[in-house]
Amino acid sequence: MSRPEWAPYGVDLDRPNAARVYDYYLGGAHNFAVDRAMADQALADWPELPLIMRANRAFLRRAVRFLVDAGVRQFLDLGSGIPTAGNVHELARAATPDSRVVYVDIDPVAVAHSRAILGDDPCVVAAQADLRDPAAVLDLVRREGLLDLSQPVAVLLVAVLHFVPDGDDPGGIIAGYREAMAAGSYLAICHASADGQGDRAEKHRALYSRTPTPMTMRSREQIDALLKGFEPVPPGLVHMTLWRPDDGEDLPADPGNFPGYAAVALRR
């Protein structure tokens, strides 16, 4: 296929990409035919997937609003993906114009789009790095000079840890960031789970095995273990739609149909 002007050279147009599939589910335009084909195949088995992705995005919105209310003005968004409406800097700065955000993603397409959209904004940076290497990411953050790690910061791991396999030690990765976070910092996490999903979760994992980032869905107990060293704020680790829903929000009759758990947790 011909390469769109927005796609950086070196990006594989013939293999589906998790960030671009997510963009398609959210109604974005930064995806290729191969991504849409994979998404459509997944939708045949799991028609609710776009609703699940939007519920994940809604959690991000509520979490950032909570963090701003808690006094956080610095955000490190790991695995930030392709920019869509309702990004962290838009959400945070709607309430506090002095908020600062560093977006980090391993995908060059996501980073290229972030930089194009952000332009010359001095309070936001998009950088390409692998979140699985906390030392390298934190060194990059310090060199950028936008975030002061001696002060509270919110580390966001939203819809990304399920792309980190057990062999890469996700708990150890989070610990690497935790050790660099000042007291009063927060971790926000939203993680896919196969709990109660049966065969369709297996089919979903099989689809993602075709991408460079296979999916590792985890149980609630496994996700809870990733919060070691943090103190979850109420209501704790819950289905994503149940984490501090907005007043009057139309909640699903069965939150288990949205197979992901979410939490915001304090670093003491």
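At 0.36 nm per residue, minus the direct Cα-Cα distance, what do Asp166 and Arg210 gain on full extension? Give it in nm, one decimal, please. Could you put the intermediate results ahead of the total?
Working: separation 44, 0.36 × 44 = 15.84 nm, distance 1.80 nm.
Net length gain for the segment: 14.0 nm.
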Before anything else, pin down the relative contact order of segment 18-267: Cα pairs under 8 Å, at least 6 apart, normalised by residue count, whole percent. 19
Over segment 18-267, what is the percentage of antiparallel beta bridges among all DSSP beta bridges, to the nearest 5? 40
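With n ≥ 4 as the cut-off for DSSP H runs, can you work out [θ] at 222 nm for the chain, using -39500 (n - 2.57) per run divided by the number of residues, rounded to the nearest 500? Write out the running numbers ahead of the final one.
Working: 9 runs with 97 residues, N = 268.
Only helices count here, giving -11000 deg cm²/dmol.
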Based on the Cβ-Cβ distance from Glu48 to Leu13, what FRET efficiency comes out when R0 is 22 Å, to the nearest 0.05? 0.20
If I model a spin label as a point 7 Å beyond the Cα along the Cα-Cβ vector, how far apart are those points for Ala37 and Arg268 in nm? 5.3
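Is the shape of segment 18-267 rounded, prolate or oblate, going by the alpha carbon gyration tensor and its root eigenvalues a ≥ b ≥ c, with a/c under 1.5 for rounded and a/b larger than b/c for prolate? Display every interim value, and only then the final one.
Values: a/c = 1.43, a/b = 1.26, b/c = 1.14.
Rounded, because the longest to shortest axis ratio a/c is under 1.5.
Test of understanding: what is the full-extension gain from Asp139 to Glu179, defined as 0.36 nm times their sequence separation minus their Cα-Cα distance? Before the final figure, lay out each step's value.
Details: separation 40, 0.36 × 40 = 14.40 nm, distance 1.34 nm.
Taking Asp139 through Glu179 to full extension adds about 13.1 nm, to one decimal.
Determine the dipole magnitude for segment 18-267: charges of +1 sit on the beta-carbon of Lys and Arg, -1 on that of Asp and Glu, nothing else is charged, the reference point is the Cα centre, and the result goes in debye to the nearest 20. Walk me through the numbers on the way to the answer.
Working: 24 positive and 33 negative charges, 37 e Å.
Dipole of segment 18-267, to the nearest 20 debye: 180 debye.
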May I ask which residue of Met53, Ala63, Val109 lies farthest towards the positive end of the charge dipole of the chain, with charges of +1 (Lys, Arg) and -1 (Asp, Glu) on Cβ and the Cα centre as origin? Ala63
Using DSSP to call loops (not H, G, I, E or B), can you name the GluC sites (Glu not before Pro) in segment 162-268 whose Cβ has at most 16 other Cβ atoms within 10 angstrom? Glu179, Glu249
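We did not get these values from a lab; they are worked out from the coordinates using the rules stated. Please read all numbers here as calculations on a predicted model, not as lab measurements. Using ideal geometry, Cβ is built from the backbone for each residue, glycine included, and neighbour counts are taken over all protein chains shown.
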